[in-house]
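Notes follow once the structure below has been shown.
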Amino acid sequence: MENRAQFGTRAGFILAAVGSAIGLGNIWRFPAVAYENGGGAFFIPYLFALLTAGIPLLVLEFTIGHKYRGSAPLSYFRLNKKTEWLGWWQVLIAFVISTYYAVIIAWAMSYSVFSFNLGWGKDTESFLFSDYLKLSVDAGQTGSVVPGVFIPLVIVWAVTLGILFKGVKKGIEVANKIFIPALVILFLIIVVRALTLPGAMEGLDAFFKPDFSKIADPGVWVAAYGQIFFSLSIAFAIMITYSSYLPKKSDITNNAFITGFSNSGFELLAGIGVFAALGFMAQSQGVAVQDVVSGGVGLAFVVFPQIINEFPAFNEVFGFLFFASLVLAGLSSLISISETYVAAVSEKFGISRNKAVLFGGGLSAIISILFATQGGLLFLDVADYFINQFGVAFVGLVEVVVIAWFLRKLGAFQSHANGISDIQLGTWWKVCLGVITPIVLGWMMFGLFKMNLLKEFETETGNYGGYTDAFVLYSGWFVAAFAILVGVAFGFKRWNAKTDAESYKEVS
């Protein structure tokens, strides 16, 4: 692996890692999670979770990739031949996510165009579901392909695969050097404008006002760990893959701290911008801020168009800036997600990078058409819920348990990271990964399985979203199971001789 691709600069790697971490969830998930879990008080468990799980896990994955010089499956194979399946599980999760994540970016791209004439009209909810997505079929039915979604979806994949074809240094690094600064500048403009709107201070007061009584609620701490875990691209195979492209002399620990705090800084910025805008909307409608708080797709594609409609001036400009920000945040994440299986397929089967991009990326693009149909939103809703809750969270738990408890490799990884980093890891790092993180993630998974698995088939309304048993089974549980079963199957296939998986020059 002497000729392995590398990032050209440290800044290039950090921007790529930050670009992967900063995604759509930073903008539409974090503000609502913080508000619902104690407002300003939520930042206490959030910071604790960042320091005891987020950054320690980033250090771990950066170290694995840097030490073993391979994609997630290859790195886990070199760690221990019996753990290759874990890397494939993570890669398959990333593959599934890429199929529908691209469609959400396509929505944002469409809305960027709608912004020029506020094409969503006054009834933004009806426009999204009826006029734009053409949602007129029952769960489980696809209906026809929606041209307004399909066309921008083609553009999203053309941009993503085009960048991946260019490689690590000329493609991924260059793209993130453009996307991330542009994203920050665009979003700063939005935040500054939102802060000048009437009612903005009421919105910020609602966001930051601490409810310290919630600190005693274990659910708030689980929410904090969940937010950190899902927002940092941990257990997606991304950080292992990206760090495998680092030069031999790379400050792993410092890079992890920069990535972690940059991601959290953007989340805080997003919270300020979102709640300043929500405060303006609440005042315009003569209601309390709590009455307009929303998250997810509803916040981005229903509530924000309503807010933009109410802007006193330059509505079209700020509408474009907001949705362009979503496009940039989404693209930087989609590139990183797709790189995981491009690298893995190339190494496992000994094919060129271009063939891996064409095969892996092309297959994902074809499957994503399902989510561009009239029933696509319903498939997306269930697939996203199950692959995140029973895929990403579960594989993260398995990752730390296998490495810390069964293989007992934390000491070796600590020595590797300390040997090339300015910030030295101590006992706290082992305690975080060996005790705190497994307990918290284990508790999360226990709660999720108790809430979903045991009740899933009791009644039709007991299912997630009130969907039917059959629909939840094949579009939710099956999707989550698919990732692990196919991952295990891939682990049985021998590595192509060109990869020389068992003989490599370990970075020490």
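All of the numbers you see were taken from the coordinates with simple rules; none came from a lab. All of these numbers come straight from a predicted model, not from anything done at the bench. Positions of Cβ are backbone-derived with ideal geometry, glycine not excepted, and every protein chain shown enters the neighbour counts.
What to note about this one:
- Label-to-label distance, nm, for residues given as Phe349 and Ala158 (7 Å Cα→Cβ offset): 2.5 nm
- GluC sites (Glu not before Pro), loop per DSSP, at most 13 other Cβ atoms within 10 Å - longest free stretch of the chain: 3-457
- Take every pair of alpha-carbon atoms less than 8 Å apart whose residues are at least six positions apart; their mean separation over the length of the chain yields a relative contact order of 33 percent.
- Mean-position separation - Cα centroids, segment 35-84 and segment 259-319, in angstrom: 30 Å
- Each of Tyr474, Tyr132, Tyr35 was scored by other Cβ atoms within 10 Å of its Cβ. Listed from fewest to most, they are Tyr474, Tyr132, Tyr35.
- The trypsin sites (Lys or Arg not before Pro) of segment 386-452 that meet both conditions, a loop assignment by DSSP and at most 12 other Cβ atoms within 10 Å of the site Cβ, are Arg408.
- Here the peptides 203-210, 285-292, 250-257 are ranked by packing, the mean other Cβ count within 10 Å, and the order with the highest first is 250-257, 203-210, 285-292.
- For the chain, the Cβ-based charge dipole about the Cα centre amounts to some 2180 debye (Lys, Arg positive; Asp, Glu negative; other atoms uncharged).
- FRET efficiency, Ala182 to Phe212 (Cβ-Cβ, R0 51 Å, nearest 0.05): 0.85
- Computed on the chain, the Cα convex hull volume stands at 137 Å³ per residue.
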